[in-house]
Amino acid sequence: MAQYACGRGLSQRQACALVGLARNSYAPPPGGGRGGLQPADAALVARLRALAKRHSGWGFWKYYHRLRKLRVVVNHKRLWRIYQLLNLQLGKRRKKKRLPERIKRPLEVPAQPNVCWSLDFMSDALTDGRRFRTLNVVEDWNREVLGM
């Protein structure tokens, strides 16, 4: 009954109030909503399919900007809806080429002092919140700190 009242010119709110139906339980008839392609979208669909046939590797935003360049002014949300209905989404992205696993070698231990030193920056904070950094120099043979 609410659909009949809407068909006669009443708004959805007025029709639901007239029939005594809650507005959130009213559903418009199927096909009247935005479920499929609209007849007004036919020209846009044709342009989009032509672009997709010619440039199959492009993504949505590339099509959108190309259509704008061709002076087809269309809302990006509307174009995205059509793009999805036509199943033009690209497949999964190509995976990165994996690098070969590096060869793990044990660390070399120096045979005598003063052969190898290590440098490292460290940071800390004082009790009043000021931060400071130090450069620590460590001798690798006996792990002695040579300087900060």
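If you run the Gaussian network model on the chain, springs between alpha carbon atoms under 10 Å, then out of Leu67, Leu18, Leu86 the most flexible one is Leu18. Counting only protein heavy atoms and using a 1.4 Å probe, the accessible area of His55 comes to about 50 Å².
Its Cα gyration tensor gives the range 41-117 an equivalent ellipsoid; the semi-axes, largest first and in whole Å, are 56, 14, 10. Comparing Asp120, Asp41, Asp128 in a Gaussian network model of the chain (Cα springs below 10 Å), the most mobile by mean-square fluctuation is Asp128.
Helix content alone sets the calculated 222 nm mean residue ellipticity of the chain: runs of n ≥ 4 DSSP H residues at -39500 (n - 2.57) each, divided across all residues, give -9000 deg cm²/dmol. Comparing Ser56, Ser118, Ser11 in a Gaussian network model of the chain, where Cα atoms under 10 Å apart are tied by springs, the biggest mean-square fluctuation is seen for Ser118. Ligands, DNA and RNA aside, Trp61 has an accessible area near 130 Å² when probed at 1.4 Å. Solvent-free Debye calculation, one equal scatterer per alpha-carbon of the chain: log10 I(q)/I(0) at 0.14, 0.16, 0.20, 0.21 Å⁻¹ equals -0.90, -1.00, -1.15, -1.18. When the surface is traced with a 1.4 Å probe over the full set of protein chains, Tyr83 keeps roughly 10 Å² accessible.
Accessible area ranking (1.4 Å probe, heavy atoms, ligands and nucleic acids excluded), largest first, for Arg8, Arg94, Arg47: Arg94, Arg8, Arg47. Solvent exposure of the chain, expressed per residue, is 89 Å² of accessible area, with all protein chains present and a 1.4 angstrom probe. Within the same chain, lysines fewer than 8 places from Lys92 are excluded, and of the rest, those with a Cα less than 26 Å from its Cα are Lys53, Lys62, Lys77. Each residue of the range 63-78 was assigned a 3J(HN,Hα) from its phi angle through the Karplus curve 6.51 cos²θ - 1.76 cosθ + 1.60 (θ = phi - 60°); the sequence is 4, 4, 5, 5, 4, 5, 5, 7, 6, 9, 8, 9, 5, 5, 5, 5 Hz, with glycine and proline shown as x. Taking +1 at the Cβ of each Lys and Arg and -1 at the Cβ of each Asp and Glu, which of Leu48, Ala125, His76 sits farthest along the dipole of the chain towards its positive end, judged by Cα position relative to the Cα centre? Value: Leu48. Surface composition of the range 10-148: carbon and sulfur atoms hold 54% of the protein heavy-atom accessible area at a 1.4 Å probe. Put a dot 7 Å past the Cα of Arg66, heading toward its Cβ, do the same for Leu37, and the two dots end up 1.7 nm apart.
The values are calculated or read from the model by the stated rules, or taken from the named source; none is laboratory data. What you are looking at is a predicted structure, and each value in this text was computed from that prediction instead of being measured. Positions of Cβ are generated from backbone atoms using ideal geometry, with glycine treated the same way; all protein chains shown enter the neighbour counts. Ligands, DNA and RNA are excluded from the accessible area calculation, which covers all protein heavy atoms including side chains. Shrake-Rupley method; radii C 1.70, N 1.55, O 1.52, S 1.80 Å.
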